[in-house]
Every structure is written in structure tokens, then in C-alpha cells.
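Below is one structure, written out as C-alpha cells; comments come after it.
The values are calculated or read from the model by the stated rules, or taken from the named source; none is laboratory data. Note that the structure is a prediction, hence the values are computed from the model and not measured. Quick reminder, even Gly has a Cβ in these numbers, built from the backbone with ideal geometry, and neighbours come from all protein chains shown. Please note that ligands, DNA and RNA were not included when accessible areas were found on the heavy atoms of the full protein model with its side chains. Shrake-Rupley method; radii C 1.70, N 1.55, O 1.52, S 1.80 Å.
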Amino acid sequence: MAIQAPATRPVNPRFSSGPCAKPPTFSLDVLKDAALGRSHRAAIGKSKLKDAIETTREILGIPADYKIGIVPASDTGAMEMAMWSLLGERPVEMLAWESFGAGWVTDVVKQLKLDAEVKIAGYGEIVDFTTVDFDRDVVFTWNGTTSGVRLPNGDAIPADRAGLTICDATSAAFAVDLPWDKLDVVTFSWQKVLGGEAAHGMLILSPRAVERLESYTPAWPLPKIFRMTKGGKLIEGIFRGETINTPSMLAVEDYLYALTWAKSVGGLTGMIARADANTSVIEKLVAENDWVDFLAADPAIRSNTSVCLKFTDDRIKDGASFAKAVAKRLADEGVAFDIGAYRDAPAGLRIWCGATVETSDLEALVPWLVWAFEAEIAAQ
């Protein structure tokens, strides 16, 4: 007998973990004032770029003496700029608990060829921060987008550390209250929690990071696109919107709209509350069904944006094939797009619960998740 499909569908079936759903009030009409066909160096371009920087500062509560730059190549570009420009002055400790953190390890150990201390945790776990030596430079991701975990707080990071903390905060910025006094370099992309467009990254530097840039020259050559100093001094223009390469003014307009929307829902506090409410819908699904569980066993470290699930039913013969089939059923029905686990992660589902997703859409999705599971079990 055919399993009855739910009657209600999500209004927006976009649950991708990046690029993520646009703000729910988005339409192409909100981009009508984009400075198209204008130089980003013209007054209008500079004004919009500076507005993007300062509104980011306002919403995230970034200290006034921290520098904020818009850089190319999304979060990846921002992280590469930071690592290639800052590392090598002192010993390095690399922390990883998912694929992107592992990628930073590869870059530092195999490309920069630094003799780094590497600490790895499996998917669904994080490194014990009490074992980390913060007199070294420490590189880590705050939110493991592909593993569904995040740091619960920055309490283990000492205020009097000698090293720099370099934090990939994509999927965390605008979804957690980052402890800026514990972070020297923070990066994120527009395409995650704000649902902006890809290709642009944000690079945020503490005064300690700026001091390092101005006092230390790496042993390796730096590509032009990574250079943040000239004559031993920070290129201040980068952090006023005078970008290293030409930005998309259409993407800038989109980011400005996303920032305006974020303010309209209560700023950072409102964004966190929306993500937490969304995650609670998935928590209820897990609590009510014994065939599914979180990849992260410890609730204290579960992400409230990139929520990763695993199937636990003993009847499942091939976990990877089963998860792909469930995701395909949901996509074919037009109720959930792009929710398969990341290719390097354990088999399962990854459902974006960031603030741009409406809680009502996740509530509508849950019966479909149950339907797809039961239908696939029956088809085995």
C-alpha cells in the first residue's frame, strides 16, 4: 500500500547549507538601487561598501578598534588571506572537526609547510579546548558546517594569550554571539546565515592581528590578492571599502538588504532566536522518532544552523544509499532541496536552520521527512 504523503508543503523548500535561503521578504525588486555600471571607487560605490562594513559592525557588536574588510573568494578567500599573511611568526596549533577545518590543516601543513600541532576530532565532536596552547597561534572553525557542531562559548580562550586566534566563523556569524575579545581574526561569507550571494568574504582583524601584520613578514611570497600591508603599514583602505579587487555591486546591494532585514527582526538577538526556534523543530522530530538522531551526540555543541542528522534504524542496509534516496524523494516532491549530508561527512541529512528559514517551513517539512523515511524503508 502506498504511504500517504502529507497535505501541507513548505512554502520555501530551500534548506541548503550554502548558498542559503534568502531572507523571507526578499524579491528582486529590493535590488533596484544597486550601483550597477558604476565604479566601486566612485562615491556611490564607496558609500555602499562602507555602509556594508559599518552595519555589519553594528549588528554583530564588533568593537570599534577592530578592522572589517570585504575580500574576494568568500570565506575561503578571507581565511587564506589570514593564514598566509599572519602565520609563521610563532608555533601554530591547528584544530579541526570537519572537512573545512581539515582543509585549513592541509593548507598550513602541506602548502605553507609549517610544523603545526594538529588536533583532530571526529564528525559530531569538537577538540577539547582545555588542551590547547593559546601561546601558539590557533586556527579553528567556530561552527562545523559539515558536521553540525559548534563551540558552546569562548570561555577556554584566555584573555592574556600570546598567540593569535584565527576563527572561521562562517555559519556562526549572525547565529551566535561571538566573544570578540577572544578572537583576533574572524572570517565569514555573505552566503550563509544572512542568505546573501556567494563570492565575497568578510575579514575582521583585532588590534593584535593588525600589530602582527605590521611587524611580521612571512618567509613565503604573497600573491597580490593576499597583501594587506604596504611598507610595513596596514592598507587602511581595504577596511574602508576600498576592496582589493572589484566587488559585485549587485551582491553588495543584496548584502545590504540582508543586513536591513536582520535589523528588522531584532538584530543579532532576533537572528539567534530565529535559528534556535528552527533547531527546536528538528529536536522535536528526533525526540519523537527512534530512527533518526543528531550527528552531534552532545547537545551543548550542536549547531543551530547546519543541523546534521543520521539514520539509526537497523533495517537500513546501506546508510549512504538510503540517505541519498531519502533526500532525492524530498527533492522530487519539491519539499526540500539540497539536504543531503556533505560529501565528506557521514551519511545522513543536513538541514539548514539559520534565521532566513521560516519556522513554519521546517514544521511543514517534518511530516515529509517521516514520509520519506517510511517510503524508503518500504522500498528496500
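Dividing the convex hull volume of the Cα atoms of the range 140-254 by its residue count, what figure in Å³ per residue is obtained?
Per residue, the Cα convex hull of the range 140-254 comes to 135 Å³.
Under 20 °C and 1.002 mPa s, how fast does the range 304-346 diffuse according to Stokes-Einstein, given a Kirkwood radius computed over C-alpha pairs? Answer in µm²/s, whole number.
Rounded to a whole number, D works out at 189 µm²/s.
Could you tell me which of 76, 112, 43 has its Cα farthest along the dipole of the range 12-149 towards the positive end, charges placed at Cβ (Lys, Arg +1; Asp, Glu -1), taken about the Cα centre?
After comparing all options, I get 43.
Could you tell me what fraction of 2.2 N^0.38 Å the Cα radius of gyration of the range 18-150 comes to, as a two-decimal ratio?
In units of the globular-protein estimate, the range 18-150 measures up at 1.32.
Would you mind getting the accessible area per residue of the chain, heavy atoms of the protein chains only, 1.4 Å probe, in Å²?
Roughly 42 Å² per residue, with all protein chains present.
Whole-Å semi-axes of the range 1-68's equivalent ellipsoid, largest first, each the root of 5 times a Cα gyration tensor eigenvalue?
39, 19, 9
Give me the dipole magnitude in Debye, nearest 20, for the range 54-170 about the Cα centre, with unit charges on the beta carbon: positive for Lys and Arg, negative for Asp and Glu.
Charge dipole of the range 54-170: 180 debye, to the nearest 20.
Do any GluC sites (Glu not before Pro) in the range 1-100 lie in a DSSP loop with no more than 16 other beta carbon atoms within 10 Å, and if so, which? Can you show the working numbers first?
Numbers: sites: 54, 58, 80, 89, 93, 98; in loops: 89, 98.
Those that pass, being in a loop and sparsely packed, are 89.
Given the range 191-342, what whole percent of its Cα pairs are spread farther than 21 Å?
66 percent
Full extension from residue 313 to residue 47: what is 0.36 nm times the residue separation minus their Cα-Cα distance, to one decimal in nm?
Working it through step by step, the gained length comes to 90.2 nm.
Please tell me which of these pairs span more than 22 angstrom C-alpha to C-alpha: 32/263; 48/263; 22/48; 119/317; 32/224?
119/317; 32/224
Considering the alpha-carbon set of the range 129-174 alone, what are its Rg and its Dmax in angstrom?
11.1, 32
Once you've got the GNM for the chain with C-alpha springs shorter than 10 Å, pick whichever of 234, 205, 49 has the biggest mean-square fluctuation.
Of 234, 205, 49, the most mobile in the Gaussian network model is 234.
Could you check which residue among 25, 55, 170 shows the biggest mean-square fluctuation in a GNM of the chain with a 10 Å Cα cutoff?
Highest fluctuation among the options: 25.
Among DSSP bridges having both ends in the chain, what percentage is antiparallel? Round to the nearest 5.
60 percent
Over the range 1-158, what percent of the accessible surface lies on carbon and sulfur atoms, probe 1.4 Å?
After summing per-atom areas, the C and S share lands at 51 percent.
On alpha-carbon atoms, Rg over Rh for the range 37-83 using Kirkwood Rh? Present the calculation step by step, with values, prior to reporting the outcome.
Working: Rg = 12.4 Å, Rh = 12.1 Å.
Ratio value, two decimals: 1.02.
Check which residues have an amide H placed less than 5 Å from residue 165's amide H, if you skip close sequence neighbours.
Counting only residues 5 or more places away or on other chains, the set is 138, 184, 185.
List the relative contact order of the range 1-156 as a percent without decimals, with contacts defined as Cα pairs under 8 Å and 6+ residues apart.
Over the range 1-156, the number comes to 17 percent.
Got a sec to turn the phi values of the range 84-91 into Karplus ³J(HN,Hα) couplings, 6.51 cos²θ - 1.76 cosθ + 1.60 with θ = phi - 60°, whole Hz, x for Gly and Pro?
5, 8, 10, 7, x, 6, 9, x
Say each of residue 110 and residue 230 gets a label point 7 Å from the Cα, pointing the same way as Cα to Cβ; how far apart are those two points in nm?
The two pseudo-label positions are separated by 3.6 nm.
Size of the dipole of the range 165-265 about the Cα centre, Lys and Arg at +1 and Asp and Glu at -1 on the beta carbon, nothing else charged, in debye to 20?
280 debye
Only helical DSSP H runs with n ≥ 4 go in: add -39500 (n - 2.57) per run for the chain, normalise by residue count and round the 222 nm mean residue ellipticity to 500 deg cm²/dmol.
Only helices count here, giving -10500 deg cm²/dmol.
To the nearest 10 degrees, how steeply does helix 319-332 sit against the main Cα axis of the chain, on a 0 to 90 scale?
On a 0 to 90 degree scale, this one is about 90.
Cα convex hull of the range 94-137: how many Å³ per residue?
63 Å³
What is the dipole size for the range 257-298, taken about its Cα centre, with +1 at each Lys and Arg Cβ and -1 at each Asp and Glu Cβ, in debye to the nearest 20? Show your work: numbers first, answer last.
Values: 3 positive and 6 negative charges, 90 e Å.
Computed charge dipole of the range 257-298: roughly 440 debye.
Give the Cα extents of the range 287-327 along the principal axes, in whole Å, largest first.
Extents along the principal axes: 31, 18, 14 Å.
Residues of the range 129-145 with the amide nitrogen closer than 19 Å to a label point 7 Å from the Cα of residue 89, along Cα-to-Cβ, please.
Hits in the range 129-145 for residue 89 at 19 Å: 133-140.
Take the chain, compute every pairwise Cα distance, and split them into 20 Å bins from 0; I just need the percent in each bin.
That works out to 29, 55, 16, 0, in percent per bin.
I want the local charge near residue 136. Using Cβ-Cβ distances under 12 Å, sum +1 for each Lys or Arg and -1 for each Asp or Glu among the other residues.
-4
Which one, 252, 121, 97, projects farthest toward the positive side of the charge dipole computed for the chain from Cβ point charges (K/R +1, D/E -1)?
Farthest towards the positive end: 252.
Once the cut-off is 15 Å, how many percent of the Cα-Cα pairs in the range 222-309 end up in the long-distance tail?
I get 74 percent for the Cα pairs in the range 222-309 exceeding 15 Å.
In terms of the Cα gyration tensor, with a ≥ b ≥ c the square roots of its eigenvalues, is the range 99-206 rounded because a/c is under 1.5, prolate because a/b exceeds b/c, or oblate?
Cα axes put the range 99-206 in the rounded bin.
Over the chain, what is the relative contact order in percent, taking alpha-carbon pairs closer than 8 angstrom and at least six residues apart?
26 percent
Using only the Cα atoms of the range 272-366, construct the convex hull and provide its projected area averaged over every direction, in square nanometres to one decimal.
6.2 nm²
In a Gaussian network model over the chain where Cα atoms closer than 10 Å are linked, find which of 112, 295, 259 has the largest mean-square fluctuation.
112
Which whole-number percentage describes the relative contact order of the range 245-332, with Cα contacts under 8 Å and a sequence gap of 6 or more?
19 percent
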